[in-house]
1. Provide C:Phe110, C:Phe181 in ascending order of the number of other Cβ atoms located within 10 Å of each residue's Cβ, fewest first.
2. Relative to the longest principal Cα axis of chain A, at what angle does helix A:287-302 sit, 0 to 90 degrees, rounded to 10?
3. What does the average come to when, for each residue of peptide C:230-237, you count the partner chain Cβ atoms lying within 10 Å of its Cβ?
4. Where in segment C:195-248 are there trypsin sites (Lys or Arg not before Pro) that are in a DSSP coil and have at most 13 other Cβ atoms within 10 angstrom of their Cβ?
5. Based on the mean of other beta carbon atoms within 10 Å per residue, what is the order of A:158-165, B:106-113, most packed first?
6. May I ask for the net charge around B:Ser298, where only other residues with Cβ less than 11 Å from the Cβ of B:Ser298 are counted and Lys, Arg are +1 while Asp, Glu are -1?
7. Between helix B:378-391 and chain B, what is the angle of the helix's C-alpha long axis to the longest principal axis, kept within 0 to 90° and rounded to the nearest 10?
8. Could you grab the relative contact order for chain B? Cα pairs under 8 Å, six or more apart, rounded to a whole percent.
Amino acid sequence: MDFFNVLILVLDSTVRLSVPLLLACLAGLYSERSGIFDIGLEGKMLAGAFASGAAAAVSGSAWVGLAAAILVSVFLALVHGFASITSRGNQIVSGVAINFVAAGATIILGQAWFSQGGRTPLLTGDGRFGALNLPFAAELRDVPIIGQIYSELLSGHSLLVYFAFFMVPFTWWVLFRTRFGLRLRAVGENPAAVDTAGISVAWLRYRAVICTGILTGVAGTYLALAQNAGFVKDMTAGKGFIALAALIFAKWRPVPAMFACLLFGFLDALSIRLQGSPLPLIGKVPVQFMQALPYILTVILLAGFIGKAIPPRAGGVPYVKER
Amino acid sequence: MAEAAIELIGINKSFGPVRANRDINLEVKRGTIHGIIGENGAGKSTLMSILYGFYQADSGDIRVAGQPVTINTPNDAIAKGIGMVHQHFMLVQNFSVLENVILGMEGEPLLNASIAKARSELERLEREYGLEVDPDAIIEELPVGLQQRVEILKALYRGADILILDEPTGVLTPAEADHLFRILGQLKDEGKTVVLITHKLREIMAITDTVSVMRQGTMVATRTTSETSVEELAELMVGRRVLLHVEKGEAKPGEIKLSVRNLTVRDSRGVTMVKGVSFDVRAGEIVGIAGVAGNGQSELLEAVSGIRRAVSGTVMLEGSPVDVTGAAGPGDLRDRGLAHVPEDRHYMGLILPFEEYENSILGYHDEPQYQKGLFLDIDKARTEAAQQIEKYDIRPPNPRLKTANFSGGNQQKIVLAREMEQDPTVLIVGQPTRGVDVGAIEFIHKRLIAMRDQGKAVLLVSVELDEIRSLSDRILVMFDGRIVGERGPDAGEGELGLLMAGVEAKEAAE
Amino acid sequence: MSAPYAKLPGWADYGLIPLINLIVAFAVAGIVVLLVGENPLRAAVILVEGAFGGGQNIAYTLFYATNFIFTGLAVAVAFHCGLFNIGGEGQAYVGGLGVVAVALTLDGTFPWWVNFPLAILGSALAGALWALIPAFLQAKRGSHIVITTIMFNFIAASLMVYLLVDVLKPAGSMAPQTRTFLEGAHLPKLNWMLDAIGLPVRSAPLNVSFLLALVAAFVVWLIIWRTRLGYEIRTQGHSPKAARYAGIGEARIIIITMMISGALAGMMALNPIMGDQHRLQLDFVTGAGFVGIAVALMGRSHPAGIVPAAILFGMLYQGGAELAFEMPAISRDMIVIIQGLVILFAGALENLFRPTVQSIFASFTSTTPAVPATPGERA
């Protein structure tokens, strides 16, 4: 049973660690499916985390924090949208720029407003999204296996965790069962087809980047108000890029995106759990190798050695009417 | 029957300095198939894109069913019952047929209901017009002919009464094209109006009721198809332009320098564009390849110059084979004395942001003569460029000026100077005077004749029939990837026009 | 490619528009300064004084600029080939291995002037090899080089942590860093040069790698504009179609360009490791690889633009440190914001002001006939 307990613990932290990845990954999915590449997920998530931490600290309400995060993150998404859609600039360059602005601004403003070395004040109570206990979690705790899975693994997470996992089928539904989703997928593949069908390419893409902004805002909020008790500088620590890797890994599809994020979250949880202790059969695996594994796997995937990841055909290219 | 479905009055459209449409008037009668014919670049597609709201005219009026209308977006056109099948299909490749059909016409925000409705409507349309296609098939898995059917279904699903088809048979096999024509006939019987844009005379004669001819952005004539002839249309299309007379003496053909046998080439989409072509070019002659653009000339040029790998066939330069199906690249061919003036001056023949002198060594930059130790011999390149500028009268005479700042004619002279001054054995030239002013055309023609008289083997590809006729010593006509005939330089315009349109020589004689 | 070929004179294209972009970037940064309750103008004065106020300050400014010249050149070389190398950070980090490979083995054997050229080779080689894999995957398998180089930054970070913690750290030491080099792997300082022109320097890390950076800038100019290779790189970058026509092998050019780019990024490691810290420690690159992107964009990928752009960023780093001292609300992270804004306005939004400038020029030229054609001096 000891192994089982450890497994439950590792899986539980897998869920917690994969949530920010999942939210950011789904965020990127909306943008990239519409043909706007976004390597600025990291920056938007970070800005969202800071905004939520700051607003929650001032207002004492996690919900105000969430709203602030979404607002700030959507603003940055619109900057990216303006550069990529209206100004037809280089999407990669724009994403890089947003990452830097967010990295610098969160620290400067955090220090100026709260003077805690770039942190926002420690949050308690209503300032955070605390754990929710599912019904009967306590009662079922003693039921072997199933009870443990229910009460330890499924119950006791913050609202945002459930939201993140709810977003997976929801995104699938939006993408494949709504008019917006149909058009979104179409514009990322062939914007000319959308244009000749009488739909505005620009407005459609702007809506897509707004979706991205909302979800990165939630991802940031999760980091600052659920996983932690406030904003810490550089708290995204590359998660935006792992999310991007997961998106490629999932070939831009929502359900595989969830599994890719869980896989990367699991690798993270495992490396924390192992802390350099030896694995059966393999022996001692350096912690750093585990940390690099998501990136290594993505490179191997991109090289086409495990199936080919083909991005949306119109991705990265500003739409100009054919002359 | 006499009621006009569409009237275009005084349409003008310019793209920068290019006047794509000048003062166009056009009336299309309801319930007819109206053909618009003209060479590539005559302005047909632009005109129809204006009607469909994809571009806005600079001036002019549009009337649909007698009512003046403003069409600013495709949506306006759709609302007025105008549908268009574009030359390059506007389909989302990884969508199903059904998804493509409903895109933009989904109705409600949720797809379930609209999909069900679309499915039954689609089935009705398929039955009614004989347009069978599996609604759940994925576009990229369908053959081109069926993809086009989806485009037609898209237009009909949007309630189109007027259907514009832009070069619809360009990508079809003859059998698929025949099927398309039957469908168009059926649409006409149902009371729809069809506008067919094409450059193929055969299609015009086969199915249209009325035909309008466009040339260089203007509408030159409208005829009732039954009252005109292929000859008349060919002449109207090509036009009796002032023949630029080129002084040239008798050719003195020597030995064979370039020999092509059974060359087969595919384009980047995998479509076979050159189908077993064979010909020879001798020293001291110009062989012209005439044909309407898109009949495989570009791919032929690219394969012979080593840019595009051929599928099969052989090419011999001065009697020894060149591995055009394998390893031979443009550099190898250049080393063996083949110079190439490419059709695409802007992106292939020149690098517009480069200074003039830098372009004067493009492709030859790796030759020992331009190296000085570790470096490029910039001084030599600049000196030579200055000499070429003088010899070819390139203006402004500044080798340090960015190439983008030269006019079209001067840009072309830069390419010609580079290729001719390397003293090649074989010179292949694609569209040497496209987008070039009259003065430069004369100059370029004289240089080409001079090359011939120096004993070079010259292969000339041009869609300008005048150019082919006035320069060539032998004329090969290319149609649908094949050489369909060889004529002397004295061949009549009409005769060549018919060959170019794919009408068999025998038919033409009758 | 969507940008119309500007009918702008060279000075407007290479001077005026970048200047406008820069001014806007700084104006937005000024708003951030206002947000934290400080006076942007006073901040600017402190910044400039902090960067150039004395020999000491100038030496530091140039020390930082050295890093950015290398990484800016690295990004620029790739740009010329139409490639976006975001991996400068990782390539510089791994380049550090090449430096310590020489320094740790030979620092007791040879004097610096023998070890320095060897370390140059080592760092360049290590950086080039780290760029080789993404280059190969782009050239042969079509993997997007932007994504692979980002991934390689993270892989490099993990690799270096592992090596420093588990391999290179001397036994018994706690800090994740190599041992301190002996005298033979210390680069001579250049402070005497500033002393000589009457700008005394107390102690600053400015060292001979600054001169190496200037040489590298010149060599990059030579390669790009004076050699066959550079000609081919630029051809490929402007028009892959023309490159095919000219018989230039696409895969070969991509791989060579990326290796040059990686080598330049790798050489950045010399400056902090042999010139200042005298050991390899964690995170010695501190974002210089990314600053290179801003520097290359601002310098329009030309060494003559990159060197001043690098000095500008060196100024921001050094002046920023002084600023943080005078105005505690503005830490050095202000530079990261400015860097982001420069990338945004000089890169992604570079065409934002162009139409306006063009129409101003057009209205100007319509009244004054015959604008003399200016030769594009910078190709």
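1. Result, fewest neighbours first: C:Phe110, C:Phe181.
2. Tilt relative to chain A: about 30 degrees.
3. For this peptide, the per-residue mean of nearby foreign Cβ atoms is 4.
4. Listed in order of number, the matching sites are C:Arg202.
5. The most tightly packed comes first, giving A:158-165, B:106-113.
6. The answer is -4.
7. Computed tilt is about 80 degrees.
8. 15
Laboratory data are not the source of any read-out in this text; all were calculated from the coordinates shown. Just so it is clear, the model here is predicted, and its values are computed rather than measured. Quick reminder, even Gly has a Cβ in these numbers, built from the backbone with ideal geometry, and neighbours come from all protein chains shown.
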